[in-house]
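Since the structure comes first, as structure tokens, the remarks are kept for the end.
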């Protein structure tokens, strides 16, 4: 008998811990930016902006360790296959460890490339390199943390997810404050604090998921590993394309000077806060979509998407009003450098639009991630990134405001690409009679 979709009340109860967990992540970004803004210079802020986007480009190339783990775990639970759900986590942890060690070894060699690639001042490139080297020390723990995060979400264990995120982000905020405000380590201090926080959180996370190490299905299962890597390949390309969009945005700001890069970094924290919290509803869409796909229930899929989107739009409107109303005061408190402050205030109205404009893209991301429809995610992200870069180049001669026009348009491109693919996904589920594992999506066959 099909499981009825969760009500608004049930969704809010599930979303509560996820929202708090995402707020913990957002607060860390605020603390980092405030510490750098009050105790550093525009150069330090710009260096963290460049270094962070490069680290994200490298580390979130393995973001499938969170996203695919959520979808595949939820699908296994929807098909009532607990041992296979445990095996999904163990495979992801192993990949995270190996990939993280490779990232840690390679990041120090990227430092000399930052200044010419991003077109920033030499001192910004140097500081960004120091940040990357320090941040890389925690790369294995960060990637394994992706897997733990995704597994807890896929199991609907949102309270434990909250514990994991509070430990990670609370430790990060404290260490970054100590290293920057107390020890004057600048951008390298932010990187080191984040790396150590990843290690501490990994220890707590492994304890939270300890039952996955017993009574799991075989981890080294050839067909399932091939299917997993097939899904991961598409999600990897999708993630790289989206992170590349943010890297391009940083580069677009650099064309207008260090103050604009620093000001945009402050505004990106507003966006990060709203996106992280609103992602709570997209994460619920992932979990519920995965279970609906596992049970071949398209009506439940549509009901979940509709209800989580209503909640997300309401929250997005509240964020937009908050940024527009209180953003100027916050910028004055957070940023001491006059040039960076002026740039942030100039572009703040565009920033306030993102929490509403971004909702369709974030919600559809959750739908296709939960369904593990990698090709659709890949195609939409690549097309959206190419369209964004093209539009940015076309409007760039119109001045610095144009970089924000193109950036806002990028969210519409993402939503349109996935919206076009949604009817095919629903038709596919409607035709299915049992647990759905369509060929080419990366979903393994039933055990």
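Can you find a residue in the stretch 412-419 that is closer than 27 Å to residue 324 by Cα and surrounded by fewer than 18 Cβ atoms within 10 Å (Cβ to Cβ)? Looking for residues that are closer than 27 Å to residue 324 by Cα and surrounded by fewer than 18 Cβ atoms within 10 Å (Cβ to Cβ), one finds at least one in the stretch 412-419, hence yes.
For residue 96, are the conditions met, namely being under 20 Å from the mean Cα position of the chain (by Cα), buried (at least 21 other Cβ atoms within 10 Å of the Cβ) and under 15 Å from residue 235 (Cβ atoms)? If you could, list the steps in order and put the result at the bottom.
On the way: under 20 Å from the mean Cα position of the chain (by Cα): yes; buried (at least 21 other Cβ atoms within 10 Å of the Cβ): yes; under 15 Å from residue 235 (Cβ atoms): yes.
Here the answer is yes, as residue 96 does meet what is asked.
Can you spot a residue in the stretch 422-432 that is over 28 Å from residue 257 (Cα atoms), over 22 Å from the mean Cα position of the chain (by Cα) and either part of a loop (DSSP other than H, G, I, E, B) or at pLDDT 95 or above (or both)? Taking every residue of the stretch 422-432 in turn, at least one turns out to be over 28 Å from residue 257 (Cα atoms), over 22 Å from the mean Cα position of the chain (by Cα) and either part of a loop (DSSP other than H, G, I, E, B) or at pLDDT 95 or above (or both). If I filter the stretch 154-170 for residues that are crowded, with 24+ Cβ neighbours inside 10 Å, at pLDDT below 85 and over 30 Å from residue 12 (Cβ atoms), do I get at least one hit? No, the stretch 154-170 contains no residue that is crowded, with 24+ Cβ neighbours inside 10 Å, at pLDDT below 85 and over 30 Å from residue 12 (Cβ atoms).
Applying the condition of being at pLDDT 75 or above and part of a helix (DSSP H, G or I) to the stretch 1-17 and asking which residue is surrounded by the fewest Cβ atoms within 10 Å (Cβ to Cβ) yields 9. Taking the stretch 320-341 as the range and being assigned to a helix (DSSP H, G or I), surrounded by 14 or more Cβ atoms within 10 Å (Cβ to Cβ) and modelled with pLDDT under 90 as the test, the residues that pass are 327, 330, 331, 334, 339, 340, 341. Looking only at residues of the stretch 62-84 that are more than 15 Å from residue 156 (Cβ to Cβ), over 21 Å from the mean Cα position of the chain (by Cα) and modelled with pLDDT of 75 or more, we find that the one that is surrounded by the most Cβ atoms within 10 Å (Cβ to Cβ) is 84. Residues being in contact with a helix residue (DSSP H, G or I) (Cβ under 7 Å, 6 or more places away or on another chain) and farther than 20 Å from residue 276 by Cβ are entirely absent from the stretch 157-164.
The values are calculated or read from the model by the stated rules, or taken from the named source; none is laboratory data. What you are looking at is a predicted structure, and each value in this text was computed from that prediction instead of being measured. Quick reminder, even Gly has a Cβ in these numbers, built from the backbone with ideal geometry, and neighbours come from all protein chains shown.
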